[in-house]
Each structure stands twice: as C-alpha cells, then as structure tokens.
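Undergrad: The structure follows.
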Amino acid sequence: MGEDVGGTRPSSASRTAGSLAGCRCKPGVGRRGREFRRPDCRVAVAMFFSQAGARPRTWEASQSEHKKWVEVFKACDEENKGYLSREDFKVAVVMLFGYKPSKIEADSVMSSVDPNTSGILLKEFLDIVRKKKEAQLYRNEIRHIFTAFDRHYHGYLTLEDFKKAFKQVAPKLSERIILEVFREVDQDSDGHVSFKDFEYAMNYGQNPIMRKTADKS
C-alpha cells in the first residue's frame, strides 16, 4: 500500500492473532444495529481496530491559534456581554470550523455551560473549541487510514481491502477472523465498509473499556 498504516510490531500482531483465535462471530451479529452485541465479537472488533493506529489525543493550541479563538469570541460578543449566547456560539463555529452547528449540537453545548451564567464564558468557549479541534484531527486521522486501506479509491472497503490491509497490520490473523470482523463492521451487509462504518468501528476500538478488555485477552 505504500505506507505503514498500523505501525504494529510483530509481537503485537502475534498477541492479537492468539487472542482472536477463539472468536466465533456469527455472520448476522451486529449488522442491523450500531452495536457489536456478542462479547467475543466486541472484543475482536476492539482488538482488530486498535491495531490500525489512530488514537484520540489531547491537543494544545499554539499561541497564534489561542489568540485567534479569543479574537473570534470577542468578535461574536458584539455587545461586550462577557459571554456568548446560543446564536453567538453558532456564528463563532462558522468562523472557526466553516459549518453551522445543528440544533442538537447547540443544545448540547448550551446545556453544559455553567447554569449561573447567561451564556458561554471565554474559558468555556476555549475548552469547547479545543475539544472540537481534537475531534476534527482524530477524524482526519481515521480518514487517512481509511484512504490508505481503500487501495482502488472506491470510497468504501471491500473484503479484499481488509485482507490486504490487515495482513500488513497483523499478518498472523487468519482469513476467518478477518472475514468475521469484516461482517461485523459491514453494518448494512452490502459487502462494503463505508467510511461511516469504519469510523464507528475505529471509535469503538478506542473505547477505554474495550481497549482494556482487549489488552487483557
């Protein structure tokens, strides 16, 4: 594929192969919902995708970025209230991220602010923006890995893509295990893993509880 998307050492691959060897995932499990239902399949998916390399990371803004965020806050607080209203926040997100937040996102943010204030204070705003930036960077990293696996640029992954990619990441995994995990991740059973499917599985694999369980297996 031209790049090492997993960065997994042989010893890790061997551990993963051994831990997954007893998995008995049924083809239909997990396809209809956004949950991997059987415990053995949940652990298999978590271990499988934890090898792929993307990791959520704490991210600190540079001085210039921090300054820009403060300037956006002040620009959106036109009346110098000292806080951002719901509509102010929407404008700020457009300025920084290029999209208008949905009602669900705006509701979530406003419900999380200090109830003793009338809106989002600067400190809260900076924390919100930092977390959004971390999520954006992590999603970009997942997209990069997905693109590396999508060797023919279809915009989705086939079983053959899975076999080739994960034989590189964890060469001792059997084709049976790869097939079982592919079926688990292919939520709509169309024989293709979309980016949405892949992103869900990557996030699931990075769940702290599932990673801990996978490490113990």
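The values are calculated or read from the model by the stated rules, or taken from the named source; none is laboratory data. This one's a predicted model, so the numbers in the text were calculated from it and none came from an experiment. Because the Cβ atoms are built from the backbone with ideal geometry, glycine has one as well, and the counts that use them run over all protein chains shown. Accessible surface areas use protein heavy atoms only, side chains included; no ligands, DNA or RNA. Shrake-Rupley method; radii C 1.70, N 1.55, O 1.52, S 1.80 Å.
Undergrad: Evaluate the charge dipole of segment 60-130 about its Cα centre and quote only its size in Debye, nearest 20, assuming +1 on the Cβ of each Lys and Arg and -1 on the Cβ of each Asp and Glu.
TA: With only Lys, Arg, Asp and Glu charged at Cβ, the dipole is about 120 debye.
Undergrad: Once you place label points 7 Å from the Cα toward the Cβ at Asn203 and Thr117, how far apart are they in nm?
TA: So the label points at Asn203 and Thr117 sit 2.6 nm apart.
Undergrad: I've got another one for you. For the pair Asp127/Ser62, report the inter-label distance in nm, with labels modelled 7 Å from Cα in the Cβ direction.
TA: Reported label-point gap for Asp127 and Ser62 is 2.6 nm.
Undergrad: Give the average over all directions of the projected area of the C-alpha convex hull of segment 60-130, one decimal, in nm².
TA: 4.5 nm²
Undergrad: Only sites in a loop by DSSP and with at most 11 other Cβ atoms within 10 Å count here; which chymotrypsin sites (Phe, Trp or Tyr not before Pro) in segment 148-189 make the cut?
TA: Tyr153
Undergrad: Could I have the simple spin-label model distance between Val94 and Glu160, label points 7 Å from Cα toward Cβ, reported in nm to one decimal?
TA: 4.6 nm
Undergrad: Quick one: what Rg and Dmax do you get for segment 100-159 from the alpha carbons, in Å?
TA: 17.4, 54
Undergrad: Please sort 101-108, 71-78 by packing, taking for each peptide the average over its residues of neighbouring beta carbons within 10 angstrom, highest first.
TA: Packing proxy ranking, top to bottom: 71-78, 101-108.
Undergrad: Same structure, new question: Over segment 64-217, what is the relative contact order in whole percent, taking alpha-carbon pairs under 8 Å and six or more residues apart?
TA: Relative contact order, segment 64-217: 15 percent.
Undergrad: Right, next: Please report, to two decimal places, log10 I(q)/I(0) for segment 76-188 at q = 0.12, 0.20, 0.23 Å⁻¹ as given by the Debye formula with identical point scatterers on the Cα atoms and no solvent.
TA: With one equal scatterer per Cα and no solvent, log10 I(q)/I(0) is -0.63, -1.00, -1.25.
Undergrad: Have a look at Ser102, Phe89, Val70 and report the one farthest towards the positive end of the charge dipole of segment 60-130, computed about the Cα centre with Cβ charges (Lys/Arg +1, Asp/Glu -1).
TA: Positive-most Cα among the choices belongs to Ser102.
Undergrad: Here's another thing I want to ask about it. At a 1.4 Å probe radius, which order do Lys133, Lys100, Lys68 fall into by accessible area, largest first?
TA: Sorted descending by solvent-accessible area, the residues read Lys100, Lys68, Lys133.
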